[in-house]
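Visitor: Sharing a structure below in structure tokens format, with a few things to ask.
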Amino acid sequence: MKPIYKPSGAAAEYGDYAVNIYTGCPHRCYYCFAPTVLRKDRETFHSVVEPRANIVEETRKQLEREQITGKTVHLCFTCDPYPMDYDSSTTREIIKLLKQYGNHVQILTKGDGSRDFDLLDGDDWYGITFTGASAEEEPYSLAPPFARNRLKRAHEMGIKTWISFEPVINPDTVLWAIEKTSLYVDRAKIGKLNYHPSSVDWKDFGRRAEELCQWLELDYYIKDSLRKEMEK
Ligand code: SF4
């Protein structure tokens, strides 16, 4: 088992290395790609959430065997490192291990990772996903005002902060959030909704989002699939 791996395809736009800690995710985002990637039944993916077998020990062995150091490791692609209402102490163990070997982490969550802020420093990233979806569309995630509050606290502690605005569900709410959070966000990544019907004018949204980021002097990245729409 090699828990630390190099993501490929669109996932590679998020990080050079990654670890997926849990078997599933309870947040039930309707656009979630993970069950497809993992070839799992969607209901099982959202209801059976536990640390992958021996994940801590296998990560330790791989770090030792391959002497992985100096990398920034994304947590996580096919699950959330802080599944709401589940024990996430395994995430804490993984962060400790990665950092013990001289690596850094890039966290992305729809939950609450503030418990582990004490492990992070100025070369680690704490990030949240913000899509602009309504509470009815994303009922199982940490409410956006609380998520932004955690991000702000991370920033005040000197941890690097980022927001994944992907997939954009409500363009106007996302543009509002880009502006609202720019004082405590170090980087924004923006991507369109893929594989689901949408009436969004992606070309127009992408242009407005890019102009706003430039005006705010915000470090931003437009994901490839959105960039392609903008260039049509
Ligand atoms: S938070 Fe991520 S992994 Fe969890 S259901 Fe939503 S998209 Fe899937």
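Visitor: For every other residue with a beta carbon closer than 12 angstrom to the beta carbon of VAL200, add +1 if it is Lys or Arg and -1 if Asp or Glu, then tell me the sum.
Guide: Working: positive: LYS192, LYS203, ARG208; negative: ASP172, ASP201, ASP204, GLU229.
So the surrounding residues net to -1.
Visitor: Could I ask something else about it? Need the full-extension length gain, GLU210 to ASN194, defined as separation in residues times 0.36 nm minus the C-alpha distance. One decimal, nm.
Guide: Length gained between GLU210 and ASN194: 3.8 nm.
Visitor: Oh, and also: At a Förster radius of 35 Å, what calculated FRET efficiency corresponds to the Cβ-Cβ distance of GLU179 and ASN54, to the nearest 0.05?
Guide: Numbers: r = 44 Å, r/R0 = 1.27.
The calculated FRET efficiency here is 0.20.
Visitor: Report the label-to-label distance for GLU64 and LYS203 in nanometres (one decimal), using points 7 Å from each Cα along the Cα→Cβ vector.
Guide: Distance between the two pseudo-spin positions: 5.7 nm.
Visitor: So, one more: As a test of the formula, what do you get for the chain when each DSSP H run with n ≥ 4 contributes -39,500 (n - 2.57) and the sum is divided by the residue count, at 222 nm and rounded to the nearest 500 deg cm²/dmol?
Guide: Here the helix-only value at 222 nm equals -10500 deg cm²/dmol.
Visitor: Please report the orientation-averaged projected area of region 93-150, defined via the convex hull of its C-alpha atoms, in nm².
Guide: Spelled out: convex hull of the Cα atoms, projected over all directions, averaged, 4.3 nm².
Visitor: While we're on this one: How high is the relative contact order of region 14-136, in percent, counting Cα pairs under 8 Å that sit 6 or more residues apart?
Guide: The normalised contact order for region 14-136 reaches 28 percent.
Visitor: Based only on the alpha carbon positions, what is the Kirkwood hydrodynamic radius of region 87-214, in angstrom?
Guide: This gives a value of 15.5 Å.
Visitor: Moving on to the next point. Order by neighbour count: HIS155, HIS74, fewest other Cβ atoms within 10 Å first, most last.
Guide: HIS155, HIS74
Visitor: If you don't mind, another one. With a cap of 12 neighbouring Cβ atoms within 10 Å, and only residues DSSP puts in a loop, list the GluC sites (Glu not before Pro) found in region 171-232.
Guide: Of the GluC sites (Glu not before Pro), the ones in loops of region 171-232 whose Cβ has at most 12 other Cβ atoms within 10 Å are GLU217, GLU231.
Visitor: A further question on this structure: Using only the alpha carbon atoms of the chain, find the Kirkwood hydrodynamic radius as the inverse mean reciprocal pair distance, in angstroms to one decimal.
Guide: Its Kirkwood hydrodynamic radius stands at 18.0 Å.
Visitor: Another question, then. So, counting K/R as plus one and D/E as minus one, what does the shell of residues with Cβ under 9 Å around GLU13 add up to?
Guide: Around GLU13, the charge tally is +1.
Visitor: Given Cβ point charges of +1 (Lys, Arg) and -1 (Asp, Glu) and nothing else, what value in debye, to the nearest 20, does the dipole of the chain about its Cα centre take?
Guide: Dipole magnitude for the chain comes out near 400 debye.
Visitor: Treating the beta-carbon of each Lys and Arg as +1 and of each Asp and Glu as -1, no other charges, what is the dipole magnitude of region 1-131 about its Cα centre, to the nearest 20 debye?
Guide: With only Lys, Arg, Asp and Glu charged at Cβ, the dipole is about 380 debye.
Visitor: What is the sum of charges around THR131, taking Lys and Arg as +1, Asp and Glu as -1, for the other residues whose C-beta is under 10 Å from the C-beta of THR131? Working shown, then result.
Guide: On the way: positive: LYS110; negative: GLU137, GLU138, GLU166.
Result for the neighbourhood of THR131: -2.
Throughout, read-outs are computed from the coordinates displayed, never taken from laboratory work. Everything quoted here is computed from the prediction, not taken from an experiment. Neighbour counts run over all protein chains shown; Cβ positions are idealised from the backbone, glycine included.
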